[in-house]
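Scroll down for the structure; my scribbles are underneath it.
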Amino acid sequence: MTNIPVYLTAEKHHILIVGATSAAMAKLALFHATGVRITLVGVGSLSAATAAGLTTELTGIETLTIRDRPFVQDDLSDKSLIYIGVEDDITEERVLRLANARKLPVNVIDKPAKSNFITPAQFTRGPLQVAFSSGGSAPVFVRRLRSSLERILPPSLGVLAEAAGNMRGKIKSLIPDGTRRRLFWDRLYDNAGLYADMEQSEVERLVVEAARNHRVGATTGQVQLVGAGPGDPDLLTIKAHRALQQADVIVYDRLVSRDVLALARRDADLVFVGKREGEHGVGQDGIHEILIREALAGKRVVRLKGGDPMLFARASEELDALRAEDIHVEVVPGISAFQGIAASTQIPMTDREYSSSLTLVTGHLKDGAFKDWARLSGEGQTLVVYMGVRGAAKISEGLMSEGVKGSTPVAVVENGTRASERRFYGTLETLPTVVAQNAVKSPALLLIGDVVQNARDLNLTEYQPLLAAQAV
């Protein structure tokens, strides 16, 4: 079925809703905020309105007329759209026949075969409105499409759009050149998230200020340090997703999954700066050079890091380098690997029975590390080791030499939260064997502590050695 998308000017129309079923009341709730005149007939005791929580709202709508009586033919007079939401088939057929005879647009709610128009799914941000329809072919796709927009577009976009309308004349006087003005509005849209939680008057003031300062070709670049999470793209935050959609340049590490990169803007430049086995890539100074160069060229740069950018990711070095060049920088947090893995394995990092503390360390060993770690691991504590696969044997030996029990449960999780995730269980004593026999590779996390006993798949026979060790 092919539909004609049309928007009607609300103040110039009058809608008739016949019936007070929950579906009819949902239409009323959808339309009443637009300012369109609405007449509601056949409502009975308004029990449906009460059930929908709309009774208070109904009494405060100046454009709403309620006729607490059955439908009569004269109700069709001067109406633009007719909605029928009754449970009585005879009344439904009568209203439909009379409406069709007058060639009025009529919608029998939830019965598209009887209707000559539909009300599409809608998405709004202030004055911005988007309607979706599949002609009844793929309603789930319509729902998902609307959800995608809700995820990408910040609520502040509506306030910004309202400000843009109010300040349109003022902006035109400040930026008379049409091309420059279009570039100004483009940049304002891209930075809609900056206006979150602001009052309308404050947004309007900032829009005018931005127009006064607007210069085509000026250095207005920015850098965002964005957490890509542990790999599952569904764990990416809304703000991180939005940053990927707006970036001109994305500088990413080896630990960033392909699925996350697939969410980036199609025409963004992707710059790989990760380390591979046996080579160090461009190095940290090289990364600083890329970020600074692209930002000073006026581009929106995303520095995409696996997990959270503020955890074991050299964020302080990059922040210092960018601040030294007076480049605007923002940090967008991400779900760290230990959080994602805690969810996928169902191992709580703290537990009233097993652990009251959590320590995160990096497996890049230094002198005295095992002595420090021993105080932070063992009974009643949870130790999480990042980048510890290559040093698994030394970690096992070092912690046991400092008094941590060899029977302490251990989980080794490779590619946590991704489709290729692998989980292996053992003890601190058997940790090197678990890693070697299963050819575990980075990225992988080591979880050391009694909380590992909560793992959802620990009852599988392949992990019985752990249970046996605990029983000794």
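The values are calculated or read from the model by the stated rules, or taken from the named source; none is laboratory data. Being a predicted model, the structure only gives us computed values, none of them experimental. Here Cβ is always computed from backbone atoms with ideal geometry, including for glycine, and neighbour counts include all displayed protein chains. Each accessible area value is taken on the protein alone, full model and side chains, heavy atoms only, with ligands, DNA and RNA left out. Shrake-Rupley method; radii C 1.70, N 1.55, O 1.52, S 1.80 Å.
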Self-check item: One residue from SER115, SER156, SER173, SER134 being exposed (fewer than 12 other Cβ atoms within 10 Å of the Cβ) and either under 30 Å from VAL86 (Cα atoms) or of a type in the set (S, T, N, Q) (or both)
Solution: SER173
Quiz prompt | Hits in the range 62-88 - residues which are among the aliphatic types (A, V, I, L, M) and over 46 Å from the mean Cα position of the chain (by Cα) | solution = VAL72
Quiz item: In this structure, is ARG323 basic (Lys, Arg) and more than 24 Å from GLY283 (Cβ to Cβ)?
Solution: no
Quiz item: Before we move on, is SER147 more than 20 Å from GLN245 (Cβ to Cβ) and either crowded, with 16+ Cβ neighbours inside 10 Å or at pLDDT below 90 (or both)?
Solution: no
Quiz item: Tally time: how many residues in the range 68-82 are without any contact (Cβ under 8 Å) to a residue 60 or more places away in the chain and within 14 Å of GLY19 (Cα to Cα)?
Solution: 6
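What are the residues in the range 192-205 that are in contact (Cβ under 8 Å) with a residue 40 or more places away in the chain and surrounded by fewer than 16 Cβ atoms within 10 Å (Cβ to Cβ), if any?
ALA196, ASP197, GLN200, listed by residue number.
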Practice problem: For the range 319-401, please list each of the helices (runs of 4 or more DSSP H) lying entirely inside it that holds at least 2 residues being touching a residue at least 60 places away in the same chain (Cβ under 8 Å). | Solution: 337-345
Practice problem: Could you check, for the range 267-284, whether at least one of its residues is open to solvent by 10 Å² or more (accessible area, probe 1.4 Å), modelled with pLDDT under 90, polar (S, T, N, Q) and out of contact with any Phe, Trp or Tyr (no Cβ under 6 Å at 6 or more places or on another chain)? | Solution: no
Quiz prompt | Count of the range 226-265 residues which are of a type in the set (Lys, Arg), open to solvent by 40 Å² or more (accessible area, probe 1.4 Å) and in a helix (DSSP H, G or I) | solution = 2
Quiz item: Restricting attention to the range 297-318, and to residues there that are assigned to a helix (DSSP H, G or I) and surrounded by 14 or more Cβ atoms within 10 Å (Cβ to Cβ), which single residue is nearest to the chain's Cα centre (by Cα)?
Solution: ALA315
